[in-house]
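What follows is calculated from the coordinates using simple rules that are stated; it is not laboratory data. Worth saying up front: this structure is predicted, and the values here are computed from it rather than measured. Please note: Cβ atoms are built from the backbone with ideal geometry, for glycine as well, and neighbour counts cover all protein chains shown.
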Amino acid sequence: MSDDAPASPAAPGAPGAEHRCGFAALIGRPNVGKSTLLNALTGQKLSIVTPKPQTTRHRVLGLVNLPDAQIAFVDTPGLHRQEGRALNRAMNRTAAAAALDADVVIFVVEALRFGDEDALALSRAAQSGRPVVAVVNKVDTVYPRDRLLPFMATLAERHAFAEIMPVSALNAADMLRLQQVIVRQLPVSVPLFPPEQLTDRSQQFRIAEIIREKLTLELNEELPYGIAVEVEAMGEDEGQLLVSAVIWVDRAGQKPIVIGARGERLKRVGTAARYELNKLLDRRLHLNLWVKVREDWADSALALRQLGLE
């Protein structure tokens, strides 16, 4: 080789490697574990998590700073085929737009499961034109582990993935390896965000989401999809954060269900939310919750904009 030949760029993590930075969008069907992955990858609870599909409604940014890279993870709503309501269509648009804006798409699929909505999510990932890393999630539920091999082989035939990686969000070593896989796909760039920043979401947003999480865990299967939470006011009193929040329902008959007999359900939701928010914000918080009716808010473009969902 000639002495004048240009040196090959150092691999990420190697001595002399250039700094990399970019956006990694988590794309997949509802309830596949994207929000749990975001929280595990960032080491922070940034997205709420429940066992119920379509818990995530917004694009949520989570930042990870490594010695040689900054990864801006983007959690997205689950891509789904049911688009009967304006809210469902807005969530699908949010997820598809995140893929187009990303530097790398993380296609999340559950181990040993691939259905129509997984195919829809993969098509959106492929249409982005970005490198796609397939993350086979929840491998801790697979016994024996060699059952994964034919599933991963079939998955590899569906798309020319940059990499396919089996992971469990419960395994810290898996999360570190996944971070390095993603870094290899990012462009060389200076950091785009200050090192102390965790997310692009406000304190008000995070408070409203924690309340919605606790409410979703309390309610029956269908009702959570007609509910939204909005923080109306925040203030201070002798070192305590005062928060007033409204729980919006889209049918008058839902209001007594949310409140519960003698207000017991609303009290449980408030107590659970306050307990977690005290830890999350590292300060005392006084929470007032109100339940109000806004007929068919999930089909109102104006309501969706006001709630930050459009």
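DSSP beta bridges in the chain, what fraction antiparallel, as a percent rounded to 5? Mind dumping the intermediate values first?
Numbers: 18 of 48 bridges.
Of all bridge pairs located within the chain, approximately 40 percent are antiparallel.
Which pairs in the list Lys34/Lys267; Lys34/Lys292; Lys45/Lys279; Lys45/Lys255; Lys34/Lys279; Lys45/Lys267 are over 19 Å apart, alpha-carbon to alpha-carbon?
Numbers: Lys34/Lys267 30 Å; Lys34/Lys292 31 Å; Lys45/Lys279 11 Å; Lys45/Lys255 29 Å; Lys34/Lys279 23 Å; Lys45/Lys267 23 Å.
With Cα atoms farther than 19 Å apart: Lys34/Lys267; Lys34/Lys292; Lys45/Lys255; Lys34/Lys279; Lys45/Lys267.
Just to confirm the number: angle between the C-alpha axis of helix 203-218 and the first principal axis of the chain, 0 to 90 degrees, nearest 10?
Once rounded, one gets 70 degrees.
For an R0 of 35 angstrom, estimate the FRET efficiency from the Cβ-Cβ distance between Arg251 and Lys279 and round to the nearest 0.05. Display every interim value, and only then the final one.
Details: r = 34 Å, r/R0 = 0.96.
Efficiency at R0 = 35 Å is approximately 0.55.
What are the principal axis extents of the Cα atoms in the range 188-310, in Å, biggest first?
Principal axes ranked by extent give 52, 37, 25 Å for the Cα atoms.
State the extension gain, in nm to one decimal, for the chain segment bounded by Ala261 and Gln203, taking 0.36 nm per residue of separation less the distance between their alpha-carbons.
Values: separation 58, 0.36 × 58 = 20.88 nm, distance 3.10 nm.
The Ala261-Gln203 span can extend by a further 17.8 nm.
For the chain, count all C-alpha to C-alpha pairs, find those more than 32 Å apart, and express that count as a whole percent of the total.
Details: 15882 of 47895 pairs.
Every Cα pair in the chain considered, those over 32 Å come to 33 percent.
Explain nothing, just the number: relative contact order of the chain, from Cα pairs under 8 Å at least 6 residues apart, as a whole percent. All intermediate terms of the calculation are to be shown ahead of the outcome.
Numbers: 570 pairs, mean separation 55.3, N = 310.
Computed over the chain, the figure is 18 percent.
Relative contact order of the range 131-221: what whole-number percent is it, with Cα pairs under 8 angstrom and at least 6 residues apart?
Details: 49 pairs, mean separation 25.8, N = 91.
Relative CO of the range 131-221 lands at 28 percent.
If one takes the longest principal axis of the Cα atoms in the chain, at what angle in degrees, from 0 to 90 and to the nearest 10, does the Cα axis of helix 86-101 lie?
Compared with the principal axis, the helix lies near 20 degrees.
How many nm is it between the label spots at Arg113 and Ala160, if each spot is 7 Å from the Cα in line with the beta carbon?
So the two model labels end up 3.1 nm from each other.
Between the range 66-121 and the range 206-220, what's the alpha-carbon centroid distance in Å?
The two parts, judged by their Cα centres, are 22 Å apart.
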